[in-house]
Amino acid sequence: MEQQQESSMWEPRPPGNGPLQAAALPSCALPSPGAEQSLRPYFVFRAHRPELGICWDPSEPLRGSPEAAQTRGPGGAGPGEDGDGEAEDDSDDQRRYRAWVAGRFCSLRAGEPWPGAPENFLYGPVTLQFHHNCAKLRVVVGGEGPERPPGEGPERPPSEGPPAAGAPERAGHLAALFQPDERTQRRPNTVILQGAVGIGKTVLARKLVLDWARGRPRRDAFRYVFYLDAGDLDAAADRSLAELMAAQWPDPPAPVSEILSRPRRLLFVVDGLEDLKPFLDGPEAELCRDWGAPRPAGRLLQALLRKALVPEARLLVVVRPSGWARLAPWLGCPRLVEVLGLCAADRDDYFHRFFGAPAGARAALAVVRDNETLSALCRAPLVCWLVCACLKRRLDGGDDLRRGPLTASSLLASYVAGLFRGRPAPRELPLWGLCRLAAEGVLARATRFGRGDLERLGLAEADLEPFVASRLLLPRPGGAFAFLHLTLQEFLAALYSAMEVTRWPGLAPSSQDLATELEKVSGEDASFVGTAVHFLFGLLNPECAGPVEEGLGCRLAPQLRRDLLLWAAVVSAAPPHSHSLHQFFLSLYEAQDAAFLTQVMDHFRDLRLVLRGKADLLVSSFCLRHCRRLEKLVLHLDPDVFSDDDGEPQAGPQASDLATASLWKALCSVLTTSTSLRELDLRFFSLNDLCMKSLSEQLRHQDCRLQNLRVQQTAFVPFACGDFPLALSGHQHLTWLDLNLQLGDDGMKLLCEALRHPQCNLQYLRLRSCALTEACCPDLALALTCNQSLSHLDMGGNQLLDRGVQVLCEALSQPKCRLQSLLLPACGLTAGVCQDLSAALTSNQSLTRLCLASNSLRDDGLKVLSSALKSPECPLQRLALWSCELTAEGCQALSAALHSNKNLTHLDLGENDLRDDGMKLLCEALGQPQCPLQALDMLVCFLTEACCQDLSAALVLNQNLRSLNLGHNALRDEGVKLLCEALRHPSCPLQRIGLERCQLNTACCQDLSSVLLCNPRLKSLNLAQNALWDEGVRLLCEALEKPECGLEILS
């Protein structure tokens, strides 16, 4: 099979306000002028060959010769060449050549009209805009432009085909690609035009050449432009560059000498390089430097790209990304331009021009916008036309496009079937061969097929005649063929896996063929296969299968459904991944089969989805409403999911957007349709009352069995909670609630009302950064005394202040309060509230965990809390005081409390300025065998090796400490060596030690290795961000290999 440029000649440019988009990467710096000049070889000329249509004037000074150098201007630029002066008038040869090029490129393909209509799809000039951002060059071909307001009709009478190309007002757009770099002020010699297969690169390049030919030459930088399509070249025949140029001259002989005399104003457009096999290989020494010497096509183009032939000429190379990766080592520092396809404004404008009637255009656009597969396909200009043609045919037939979902598969099926309307259906064997050819090409990333491919499948050119006559297949030079567009090839590839071969059953695709294609879509690069898999699922849809079977005279295999169900089971068993699931859901949406979808979704227990727009909402709601056994759903919504048509994010679906609201409601129905759903993680930009109403209705439903609910708002705007808090009232199953949104005191008041409900069984409540103040604390305090199930409360990141927490402490002191864990980090607290907290700690027998981190308690506050810790009535087991502005002064009271406390097992003092004196005071308590501490965190406490002797002694005496974090302290090798003495002691109970970023080097690794060998209790060791070097790591690895080493985690 011949590896082919992507549908280079398949990609038409539809009309609109702005042309195709393209983005360019910054070009690299070019060599200095002197260096560039030193690389220029003299041209070697052959004898005059009039039989080839080549002639030149031997008396004319040749480029690169001393005579030519005398006629050049400053800097080596001749008149009108890369200078600021006006170009000279066109010669007769130039005018004749421009006219010939304009006639050659006036249609989509040379000599081929637009399919189904005589008008040209190429319609006007292509403009280039340069944008500079952070000293990087970006090239945009066209622009988004303003969207047509809804209801606005076209500016000129519509027609089914696109309007004919008009003469542009100005040209020079090819020259714009070669504008000087902003930083280096050097013009690129080579520009790479790259983009996805079928996106429109070739048509864009042809359109640029057409604009050049029709433009005003005095404003253009190029005197001659030659378009070389490698796919049309005979790879086996030897031809010279002069012969290639002569073949593109209107009437021989071609003035090659005059053309090559000013190479800086000569442009070669090279397309279809992927077609050449082997691909431009050959050592540098064999490069052709004589433009008159015949060479194989690959060697000739290689010399042109490597600047061995006509080194000063400009190059515009059209390749797909994989082709650019192979060309990169040869092209130096070209300017990269990526073709992105039709922008939304171009697409919408073309729809309005195509349909004429605003109502029809709006209905058709609604179909495309709501289907991600269709939206992606419509970035390719030809597919945009194809979709318009299919939708218009339905509208003309009286169909209501809003009545049901229209999929890409059904539209492609109706288009392919319509090609044979009024013609005999193709025979089974040629159809099978064509579909297999398409499938092999999709998997091999090939789009052009030669005689060898036909012979291998037993096909003759006569067998392809029905497909050529219907323009499904296009003949190419050299007896090759190509599909009208990659999308049609992908559809036929799907049909190959789905069709049943009745007369030759041995030719039917096996399950292994299908599995191979399906596995491809789960790989890293599924760009060539993903759409084909969507179509494969779409063939399950009767609206797709019916036209295919009737129009093409084939039958679809009955085992297709079974095979796809088996693959769905494999996908559901894989780890949940947003991108792969998204592609899989797109395939399921193409099927539009409720029974099949229910069987598929029964395999899923855990789903993680990211919805990036309305199309994602449509597909996900369609799939989720068929879930019956889902247990966990993670759903993240981007702002564009609920944005208006202008792209402005809104607070949710408004009343005017009933369709989006309906989709959101359908998605929320998974809370009741899947009675096994126990956990929902919902993250969104902003939701308003309409959205929350749908969610609240499902939460309140008797069939909702949700136990864990997490809701996070990413926008810092007030949360329109509506009935959401009240929907939790009486929810007997909900036990875990995590809210991270701008709830506010009003929303908190409603939530407290739900907490007071006698049937509320909530056990865990996390309200991080919910814009709460002390005003909500009285309601919360009342809820704490009424609710008998709530055991964990996290109010971090809310400005409750001392006054608010004092109110909560009154509730904590009540015997009815059953709270076990209270987290108040970053709540604006000071030492003034510590007396109330101490009183609550001694009166509440259930509170075992308290977090007061990131509050300005200081040493005075710590002294008050330490007095409570001394009390035998204090049940506290976990205390977090990191970043509380503590010093060694407060450690005196804390150490005394630890001497008598029997319950505290976890203490976090990280990010406090305790220093070595504070650590030594704590070691006095740690050295007591009865000290109950099991975990101590001293991260970033400004410790040094000076405290390690006391700490080492305490570790030997302490019988309970299991975890010690000393990370981000300057302990150095000397300090760690002291700690290793304790770790080697048989009575040291430590199981985890953190030494991250402690300024360690290789010197301590020998001691650490000995610890690993003699302390089997040590399970975790963190040495990250230390300069241990290879020698230190080697010592540790040697210890890890020993059987007596019990370490499980080494960071």
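Rounded if a/c is under 1.5, else prolate if a/b is larger than b/c, else oblate: which is the stretch 768-827, with a ≥ b ≥ c the root eigenvalues of its Cα gyration tensor? Intermediate values should be presented prior to the final figure.
Working: a/c = 1.94, a/b = 1.49, b/c = 1.30.
Verdict is prolate for the stretch 768-827.
Distance from the alpha carbon centroid of the stretch 238-269 to that of the stretch 179-211 works out to 21 angstrom.
With one equal scatterer per alpha carbon and no solvent term, the Debye-computed log10 I(q)/I(0) for the stretch 914-1051 at 0.16 1/Å reads -0.75. If the reach is capped at under 24 angstrom between alpha carbons, list the lysines near residue 307, excluding any in the same chain fewer than eight residues apart. Filter leaves 201, 277.
Treating only the Cα positions of the stretch 844-892 as identical point scatterers, give the base-10 log of I(q)/I(0) from the Debye formula at each q in 0.16, 0.17, 0.25 Å⁻¹. Calculated log10 I(q)/I(0) at the listed q: -0.45, -0.50, -0.99.
Taking the Cβ-Cβ separation of residue 1038 and residue 917 as r and a Förster radius of 45 Å, what is the calculated FRET efficiency to the nearest 0.05?
On the way: r = 38 Å, r/R0 = 0.85.
Between residue 1038 and residue 917 the formula returns 0.70.
With the highest mean first, a sort of the peptides 359-369, 392-402, 857-867 on other beta-carbon atoms found within 10 angstrom per residue produces 857-867, 359-369, 392-402. Once you reduce the stretch 969-1017 and the stretch 845-896 to the center of their Cα atoms, the two points are 29 Å from each other. The ranking of 634, 318, 256 from fewest to most other beta carbons within 10 Å of each one's beta carbon is 634, 256, 318. Here is the list for the stretch 747-831: trypsin sites (Lys or Arg not before Pro) lying in DSSP coil, each with at most 10 other C-beta atoms within 10 angstrom of its C-beta, are 816. For a straight C-alpha distance cut-off of 26 angstrom, the lysines reachable from residue 1042 (same-chain residues fewer than eight places away being disregarded) are 977, 1019. For the stretch 914-930, backbone nitrogen atoms closer than 16 Å to the point 7 Å from residue 870 Cα along Cα-to-C-beta are found at 925. Within the straight-line cut-off of under 24 Å between alpha carbons, the lysines reachable from residue 863 are 902, 920, sequence neighbours fewer than 8 places apart in one chain being disregarded. A protection proxy built from the mean count of other Cβ atoms within 10 Å ranks the segments 673-685, 961-973, most packed first, as 961-973, 673-685. Can you grab the distance from the C-alpha centre of the stretch 755-795 to the C-alpha centre of the stretch 353-413, Å, no decimals? The stretch 755-795 and the stretch 353-413 have Cα centres spaced 52 Å from each other.
The packing ranking, built from the mean of other Cβ atoms within 10 Å per residue, places the peptides 483-496, 889-902 in the order 483-496, 889-902, highest first.
From the largest down, the stretch 319-405 spans 57, 22, 18 angstrom on the principal axes of its Cα atoms. Extending 7 Å from Cα along the Cβ direction at residue 745 and again at residue 792 yields two label points whose distance is 2.9 nm. Full extension of the chain between residue 1014 and residue 427 gives 203.4 nm of extra length, using 0.36 nm per residue less the Cα-Cα distance.
Every number here is computed from the coordinates shown, using simple stated rules; none is lab data. Computed from a predicted model, the values in this text were never measured in an experiment. No Cβ is skipped: glycine too gets one built from the backbone with ideal geometry, and neighbour counts run over all protein chains shown.
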